[in-house]
1. Out of all the residues in segment 274-286, is one or more surrounded by fewer than 19 Cβ atoms within 10 Å (Cβ to Cβ) and over 24 Å from Arg327 (Cα atoms)?
2. Take segment 136-153 and flag every residue that is of a type in the set (D, E, K, R) and open to solvent by 60 Å² or more (accessible area, probe 1.4 Å).
3. Can you tell me which of (1) assigned to a strand (DSSP E or B); (2) in contact with a Gly (Cβ under 9 Å, 6 or more places away or on another chain) is the one Leu250 doesn't meet?
4. Could you tell me which residue of segment 70-93 is farthest from the ligand (Cβ to nearest atom), considering only residues that are touching a helix residue (DSSP H, G or I) at 6+ places or on another chain (Cβ under 6 Å) and under 18 Å from Trp12 (Cα atoms)?
5. I'd like to verify a number: residues in segment 1-52 that are open to solvent by less than 50 Å² (accessible area, probe 1.4 Å) and farther than 18 Å from Gln63 by Cα, how many?
6. If you check Gly344, Gly270, Gly258, which single one turns out to be open to solvent by less than 40 Å² (accessible area, probe 1.4 Å) and over 22 Å from Lys380 (Cβ atoms)?
7. Take Leu38 and decide whether it is among the aliphatic types (A, V, I, L, M), at pLDDT 95 or above and either assigned to a helix (DSSP H, G or I) or in contact with a Lys or Arg (Cβ under 9 Å, 6 or more places away or on another chain) (or both).
8. Out of Asp177, Asp126, I need the residue that is farther than 15 Å from Trp226 by Cα, surrounded by fewer than 18 Cβ atoms within 10 Å (Cβ to Cβ) and away from the ligand (no atom under 16 Å from the Cβ). Which one?
Amino acid sequence: MGKVALKKDIYWVGAIDWNIRNFHGYTTPRGSTYNAYLIVDEKVALIDTVKAPFFEELVERIQEIIPPDKIDYLITNHLELDHSGSLPKIKELAKNATIIASERCKGGLARYFKKEWPLHTVKTGDTLDLGKRKLTFVEVPMVHWPDSMVTYSPSDKILFSNDAFGQHLATSKRFDDEVGWEIIYPEAATYYANIVMHLSGPILKTLDQAKELAVDMIAPSHGVIWRTNIEKIVKAYYSWVKFEAKEKALIIYDTMWGSTEKMAKAMGEGIAEEGVEVRMMNITQTGRTEIMREVLDAKAVLIGSPTINNGMFPTVADFLCYFKGLRPQKKIGVAFGSYGWAGGATKAIIEELKATGIEVVEPEVKYPYLPEREELEQCKALGKRIAAQIKKQ
Ligand code: FEO
């Protein structure tokens, strides 16, 4: 697979990471891509690079179009190393190139690479004249890091959106219509839930800014390029930033000797009997990445853990640490679990849920050793109450 033309004189020259299965804690069963884009005008600009081990792939694709020493500008939309990792080596080839970056990116590049590069900082509204086209920059701090910015080409109607609108999806196809919405949508949702869910405020601001631009192509830094489903993905992003959810409850738990699982199943039964969709997710079996995608459109999260050493099961603690960092909002929370001689897990779950900003239904539900039949009936009744609350919202 070589370079791919987006439009006249604009090419995808990135790299496909077929085998990555863990992207800083995010499970990526379908791999990913690091997208870089080359614009050949009177001046030549490369937008972003690729993760360092993929440098050769990047260079091979650039060489299909021009010798790398012809590059005039290395536009660095984002400091994170999946995009800037190849910058030192490409700069060695593009000897005369100037790096274009935000002020915050400049500081980070200095920390990572310790090079005295010619660097021109840009802020929102600044432009770069390439000859036939002028690029515009928009700072989008915290989408995904403080340094992040996007690059827009008005004459091509392309938004180079960096992390926004990305998906961790390795494919030999480069465009959304070649892959299909049914495959891309879950990956885009998983990406949103696991990478930027906690940044909904800055993303909303970015969406509102992007609305003002004439765009018929969104070229992110991961996954496929949007040219057919732009309206659909923008609509999905608006719904995610507002934490719109459906009538769905998620029961997330782990279990030691099966007691917490019995409680989980009883609650699930109660919820389902009221006609609300319910999903049971054992943390050990499913993993946090997939669970977070399900959290995205759930109205309730019921978290269950047996007590171990006066606290939560380690898998539940690990999950809640991740969950809290991603800050899902507008959800109903419940804590439940079994214990032996002393409880502790449910109290800790409540603290974590509250710290996340979740409205918790109290008191927690906890039973010693093995729940009795009547206690499981109480769990089922709680499930029914949660379902009723979900339907009311
Ligand atoms: Fe794809 Fe924040 O880097």
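The values are calculated or read from the model by the stated rules, or taken from the named source; none is laboratory data. Everything numeric here is computed off the predicted structure, so don't read it as measured data. Quick reminder, even Gly has a Cβ in these numbers, built from the backbone with ideal geometry, and neighbours come from all protein chains shown. These accessible areas exclude ligands, DNA and RNA; they are computed on the full protein's heavy atoms, side chains included. Shrake-Rupley method; radii C 1.70, N 1.55, O 1.52, S 1.80 Å.
1. Yes, segment 274-286 contains a residue that is surrounded by fewer than 19 Cβ atoms within 10 Å (Cβ to Cβ) and over 24 Å from Arg327 (Cα atoms).
2. Within segment 136-153, the subset of a type in the set (D, E, K, R) is 139, 147.
Result: Glu139, single match.
3. All conditions are met except number (2).
4. Step one: list which residues in segment 70-93 are touching a helix residue (DSSP H, G or I) at 6+ places or on another chain (Cβ under 6 Å), which gives 76, 79, 85-86, 88-89, 93.
In the following step, the residues that additionally are under 18 Å from Trp12 (Cα atoms) were identified as 76, 85-86.
Working: Thr76: 12, Gly85: 10, Ser86: 13 Å.
Only one residue tops the list, namely Ser86.
5. Final tally of qualifying residues: 9.
6. Values: Gly270 fails: over 22 Å from Lys380 (Cβ atoms); Gly258 fails: over 22 Å from Lys380 (Cβ atoms).
Exactly one of Gly344, Gly270, Gly258 is open to solvent by less than 40 Å² (accessible area, probe 1.4 Å) and over 22 Å from Lys380 (Cβ atoms), namely Gly344.
7. On the way: among the aliphatic types (A, V, I, L, M): yes; at pLDDT 95 or above: yes; either assigned to a helix (DSSP H, G or I) or in contact with a Lys or Arg (Cβ under 9 Å, 6 or more places away or on another chain) (or both): yes.
Against the criterion (among the aliphatic types (A, V, I, L, M), at pLDDT 95 or above and either assigned to a helix (DSSP H, G or I) or in contact with a Lys or Arg (Cβ under 9 Å, 6 or more places away or on another chain) (or both)), Leu38 qualifies.
8. On the way: Asp177 fails: farther than 15 Å from Trp226 by Cα.
Going through Asp177, Asp126 in turn, just one is farther than 15 Å from Trp226 by Cα, surrounded by fewer than 18 Cβ atoms within 10 Å (Cβ to Cβ) and away from the ligand (no atom under 16 Å from the Cβ): Asp126.
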